[in-house]
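Colleague: The structure's right below; bear with me while I get my questions together.
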Amino acid sequence: MRLAEVFQRAVGGDASVRFSAYDGSKAGPADADVGIEVRTPEALSYLASAPGELGLARAYVTGHLEIIGDVYGALTHLSEMSLREVPWGERLELLATLGRTRLATRVEVPPQERRLRGLRHSKARDREAIAHHYDVSNTFYEWILGPSMAYTCAVYPTAESTLEQAQFAKHDLVARKLGLKPGMRLLDVGCGWGGMVMHAAREYGVKALGVTLSRNQAEWAQKAIVEAGLSELAEVRYLDYRDVREDGFDAVSSIGLTEHIGKAKLPAYFRALYRKVRPGGRMLNHCITRPDNRHPARTGGFIDRYVFPDGELVGPGHIVSLMHDTGFEVRHEENLREHYAMTLAAWCANLDKHWDEAVSEVGLGRARVWRLYLAASRLGFERNNIQLHQVLGVKLDGTTSGMPLRPEWLS
């Protein structure tokens, strides 16, 4: 069996994908819209040494494997199993093929891959993990995220809404769930580039404090706050949420931070947020989750090594239980899974639009990491491998919640 056929069997591509290899072999329909090109023996070596998504990612990031056509389109035609683990039969066949090609050199792990050292989820290691992902280039993020600079799931009012409209709607949904009103104080932990902080200040007259472990984000956000004339109400600090000294906030929002906390640290995380909010105040947790509670928390594989080191996902039930056990009374919960797939589709389009600039800014390897990561994440939400949940809780004032009889944000 020739290389293209071996690779086709290993990754499980369907009849809509064409395969070609450096030995001139081909498999699949010649007129397929998307194709997988095995450019060098190293591509097979990557897959054999780290089978599944990690091996495929290493081969793609280094350019030894190329995806012809749309990356998302190609991934949709590969079997779900191949994106996780190549079966042993196909793996042995790959190894036999490698032997026939007399590949003697051991492939190197790509420089974009990251393994952290030190105590997991210590403050120092968390700073390193956040810096790896976020302190890349604010310009690079501007091209992908657009003017809102919101790097979390948008909420699409309609299927025709633009990304900017959907990100505004997301921030406004959070604000309305928290019951923000002029004169209130908001703490936004893991605030990113300050989108929620500025929205609360600009649209609701709220005095908002955001904290982030990314120095690049904090610097960009503070500049944007000054340019928007919001300095009297809004502030973003380069600070760990555990080091915020103020308390008595009327509301706390956590939008996309929980994924970085670690399952073992989640009880302490929710206790810290509980202490920050006044009696009668609300807390909203917005985070990516697994679809259930039956699997281990760690993401592992490509995402863990290249995108979010130390990221851990838990099921939505675990989040709800922890908030309850901490003392919050959970009042509302919803899954925005489809909205995140749409958000990622928009980010993919933005990256493609600015591809040449992105490569020039951060290098081809990192740009390829992002192209693969965004497309794979979109597919994950569409296939219900991951979800996005918003959970709203209130810190009771005695037995009084202060909540409306029916959710006002649904009107």
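Colleague: Condition test on residue 322, is it touching a Lys or Arg at 6+ places or on another chain (Cβ under 9 Å) and of a type outside the set (Gly, Ala, Ser)?
Modeller: So residue 322 fails the test.
Colleague: So which pairs qualify, if the first residue must be in the range 179-190 and open to solvent by 10 Å² or more (accessible area, probe 1.4 Å), the second must be part of a loop (DSSP other than H, G, I, E, B) and among the basic types (Lys, Arg), the Cβ gap must be under 6 Å, and the two must be at least 6 apart or on different chains?
Modeller: Going by the 6 Å Cβ cut-off, there are no qualifying pairs.
Colleague: Inside the range 324-344, can you point out the residues that are in contact with a helix residue (DSSP H, G or I) (Cβ under 6 Å, 6 or more places away or on another chain) and open to solvent by less than 40 Å² (accessible area, probe 1.4 Å)? Let's see the steps before the verdict.
Modeller: Within the range 324-344, the first condition is being in contact with a helix residue (DSSP H, G or I) (Cβ under 6 Å, 6 or more places away or on another chain), and the residues that meet it are 326-327, 330, 337, 340-341, 344.
Hits for the range 324-344 are 326, 327, 330, 340, 341, 344.
Colleague: So which residues in the range 357-373 are open to solvent by 30 Å² or more (accessible area, probe 1.4 Å) and either of a type in the set (Lys, Arg) or under 14 Å from residue 288 (Cα atoms) (or both), if there are any at all?
Modeller: Within the range 357-373, 366, 371 meet the criteria.
Colleague: Where residues in the range 263-302 are under 17 Å from the mean Cα position of the chain (by Cα) and closer than 15 Å to residue 325 by Cβ, which of them is modelled with the lowest pLDDT?
Modeller: Filtering the range 263-302 down to residues under 17 Å from the mean Cα position of the chain (by Cα) leaves 263, 285-291, 297-302.
When the remaining residues are screened for being closer than 15 Å to residue 325 by Cβ, the result is 263, 285.
On the way: 263: 91, 285: 98.
Among those that are under 17 Å from the mean Cα position of the chain (by Cα) and closer than 15 Å to residue 325 by Cβ, it is 263.
Colleague: Just give me the residues in the range 28-80 being more than 22 Å from the chain's Cα centre (by Cα), small (Gly, Ala, Ser), assigned to a loop (DSSP other than H, G, I, E, B) and under 18 Å from residue 110 (Cβ atoms), in sequence order.
Modeller: Correct list: 50, 63.
Colleague: Continuing with the same structure: Filtering the range 192-205 down to residues that are in a loop (DSSP other than H, G, I, E, B) and open to solvent by 10 Å² or more (accessible area, probe 1.4 Å), which residue is modelled with the lowest pLDDT?
Modeller: Residues of the range 192-205 that are in a loop (DSSP other than H, G, I, E, B), as a first pass: 192-194, 205.
With open to solvent by 10 Å² or more (accessible area, probe 1.4 Å) added as a condition, the list becomes 192, 205.
On the way: 192: 94, 205: 98.
Looking at residues that are in a loop (DSSP other than H, G, I, E, B) and open to solvent by 10 Å² or more (accessible area, probe 1.4 Å), I get 192.
Colleague: For the range 355-371, give me each residue that is hydrophobic (A, V, I, L, M, F, W, C) and free of Cβ contacts under 8 Å to residues at least 12 places away in the same chain. Even if it seems obvious, please write down each step before you answer.
Modeller: Step one: of the range 355-371, the residues hydrophobic (A, V, I, L, M, F, W, C) are 355, 358-359, 362, 364, 367, 369-370.
Hit for the range 355-371 is 359, nothing else.
Colleague: Can I ask one more? Tell me, which residue of the range 101-122 that is at pLDDT below 70 and among the β-branched types (Val, Ile, Thr) is surrounded by the fewest Cβ atoms within 10 Å (Cβ to Cβ)? Steps first, please.
Modeller: Of the range 101-122, the ones at pLDDT below 70 are 101-105.
Right, trim to among the β-branched types (Val, Ile, Thr) and you get 101, 105.
Values: 101: 14, 105: 8.
Step by step, filter the range 101-122, then rank; the result is 105.
Colleague: Let me ask you something else. Name the single residue, out of those in the range 374-407 being more than 30 Å from residue 349 (Cβ to Cβ) and of a type in the set (S, T, N, Q), that is most open to solvent (accessible area, probe 1.4 Å).
Modeller: 399
Colleague: Report yes if residue 118 is touching a residue at least 60 places away in the same chain (Cβ under 8 Å) and on the phi > 0 side of the Ramachandran plot, otherwise no.
Modeller: Working: touching a residue at least 60 places away in the same chain (Cβ under 8 Å): no; on the phi > 0 side of the Ramachandran plot: yes.
Criteria not met by residue 118.
The values are calculated or read from the model by the stated rules, or taken from the named source; none is laboratory data. It should be emphasised that the depicted structure is a prediction, and the values quoted were computed from it without experimental measurement. FYI the Cβ positions are ideal-geometry reconstructions off the backbone, even for glycines, and counts take in every protein chain you see. We work out accessible area using only protein heavy atoms, side chains counted, and drop any ligands, DNA or RNA first. Shrake-Rupley method; radii C 1.70, N 1.55, O 1.52, S 1.80 Å.
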